[in-house]
Amino acid sequence: MRDVVIVGGGPVGMMLACVLAVRGLDVQVLEQRTEPSLRSRAIGIHPPLLNVLDEIGVGRDIVSRATHVQDGSVRCDGRDLGTMSFAELPTRYPFVATLPQYDTESLLRNRFEQVRPDGVCGGVTVTGVRERTDHLEVLTDTGDSIQARFVVGADGARSRVREAMRIGWTSLGRSGTYVMGDYADTGTLGDTAMLYFERGGVVESFPLPGEHRRWVAMTDYLATEATSSDLADIIRHRTGAEVGEARGEASAFGVQQHLAARMSSGRVALVGDAAHQISPIGGQGMNLGWLDAVALAPAIEQGLSSPQHAVAALSAYGRRRRRTAVIAAQQAGFNMNMGRPATGLRLSARNALVRTLAQPPANALVARAFTMRWL
Ligand SMILES: Cc1cc2nc3c(=O)[nH]c(=O)nc-3n(C[C@H](O)[C@H](O)[C@H](O)COP(=O)(O)OP(=O)(O)OC[C@H]3O[C@@H](n4cnc5c(N)ncnc54)[C@H](O)[C@@H]3O)c2cc1C
């Protein structure tokens, strides 16, 4: 019997696995993929999480490979509306670290396998979870079942675990469409994160390691056919900025926000996108999931040492983290609204608001919100 089975070896499942394993728990991760995903989704890692990565022994690797973004700049029509600095944040790591999600996932997985060499079972799809009197049974497509004291669904937005526990999944109703692509960095923007609040819709740009930049532009439909050259045209047309050579193809994505009705059921808990799907605009989904993992670990430990309190510990975890997810979704919804196309009075009002938020003292608060200091 395992202490904990984690369903899903994405960034949040692997983070939780590391946090639990370094505390000495017997953890098994079940992951349906046999090969790592090469989609670079999350790139931003915020300061509170860099401290956690340190505690589990991967902080140094991540910090040394990542680009350190110490400030952000907001522009419209070629003019600066304001700046935001992370350098004054009261933390050991006063910057947002940027690294492609597949690199982060691979560092976490390597660390977990150092502590638990047989801890990840790849190529296994979980099909269900059954509750027994004092344990759980995890059912898989191979016909095997694995027994555990606790099960955690870290299996993403289409979570099978959430479905098996009959936990509802509600749309928060804020949506948008974007195209993103990585290009060689032309060097003109330094290591500054750029937000262009333009009439035709927002364009964002973040430095990445290896002298790349990630560019994201809002679109008015899901432009699945858009190429990296189409995205370069949108960027030039809206902002006047020139990008370098494309590194890979552009991709279109639609943003949806969803929230699980509960984040626990008995001795089963949800973390990450299985519990809350937050818009990537603002770059907080993975970080929010990591904060779930940090909050869940002590609740599981408490449940293992006093099983009669296990269900209460998990449900307290779920209530607290769900409240936080609601705040994060509202923040992401605000970010998406700010980036919508604007002209005339709406444009003037938005720019006035951005100017206020991007000047002292408000910009210190915005920097704290952006870097998840209160989530
Ligand atoms: C374009 C884009 C940009 C983003 N940028 C950022 C950013 O800058 N910062 C940020 O914090 N977040 C960002 N995000 C969000 C971030 O990518 C997600 O929040 C994050 O991937 C969630 O991690 P997860 O481990 O919860 O779920 P996932 O990454 O979805 O991982 C779930 C894992 O579970 C496995 N799995 C699923 N079902 C089963 C099953 N039945 N059995 C076994 N295994 C299963 C899957 O194969 C997968 O490996 C971005 C997202 C997008 C789309």
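The values are calculated or read from the model by the stated rules, or taken from the named source; none is laboratory data. Keep in mind the model is a prediction, meaning the values are calculated, not measured. For neighbour counting, all protein chains shown are included, and Cβ atoms are generated from backbone atoms with ideal geometry for every residue, glycine included.
Kindly indicate whether any position in the range 294-315 is touching a Leu at 6+ places or on another chain (Cβ under 8 Å) and within 23 Å of T98 (Cβ to Cβ).
No, the range 294-315 contains no residue that is touching a Leu at 6+ places or on another chain (Cβ under 8 Å) and within 23 Å of T98 (Cβ to Cβ).
For D61, are the conditions met, namely being of a type outside the set (G, A, S), in contact (Cβ under 8 Å) with a residue 12 or more places away in the chain and on the phi > 0 side of the Ramachandran plot?
no
This table checks each residue for (1) under 30 Å from A362 (Cβ atoms); (2) within 10 Å of the ligand (Cβ to nearest atom); (3) of a type in the set (A, V, I, L, M, F, W, C).
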| position | (1), (2), (3) |
| --- | --- |
| V27 | no, no, yes |
| R33 | no, yes, no |
| R39 | no, yes, no |
| P47 | yes, no, no |
| T67 | yes, no, no |
| D77 | yes, no, no |
| L81 | yes, no, yes |
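Those residues that are assigned to a helix (DSSP H, G or I), touching a residue at least 40 places away in the same chain (Cβ under 8 Å) and more than 27 Å from the chain's Cα centre (by Cα), I need them from the range 337-367; list them, please.
Passing the criteria: L347, N351, R355.
Enumerate the strands (runs of 3 or more DSSP E) found wholly within the range 238-329, keeping only those where 1 or more residues are closer than 27 Å to R39 by Cβ and modelled with pLDDT of 95 or more.
So the answer is 258-260, 268-270.
State the number of residues belonging to the range 92-127 that are without any contact (Cβ under 8 Å) to a residue 60 or more places away in the chain, more than 20 Å from the chain's Cα centre (by Cα) and in a loop (DSSP other than H, G, I, E, B).
3
Among the residues of the range 254-265, how many are surrounded by 18 or more Cβ atoms within 10 Å (Cβ to Cβ), within 28 Å of Y178 (Cα to Cα) and hydrophobic (A, V, I, L, M, F, W, C)?
Adding up the residues that qualify gives 3.
Report yes if some residue within the range 4-24 is touching a strand residue (DSSP E or B) at 6+ places or on another chain (Cβ under 7 Å), among the basic types (K, R) and more than 21 Å from I281 (Cβ to Cβ); otherwise report no.
no
Can you name every residue in the range 129-144 that is loosely packed, with under 15 Cβ neighbours inside 10 Å and touching a strand residue (DSSP E or B) at 6+ places or on another chain (Cβ under 7 Å)?
The answer is R130, D141.
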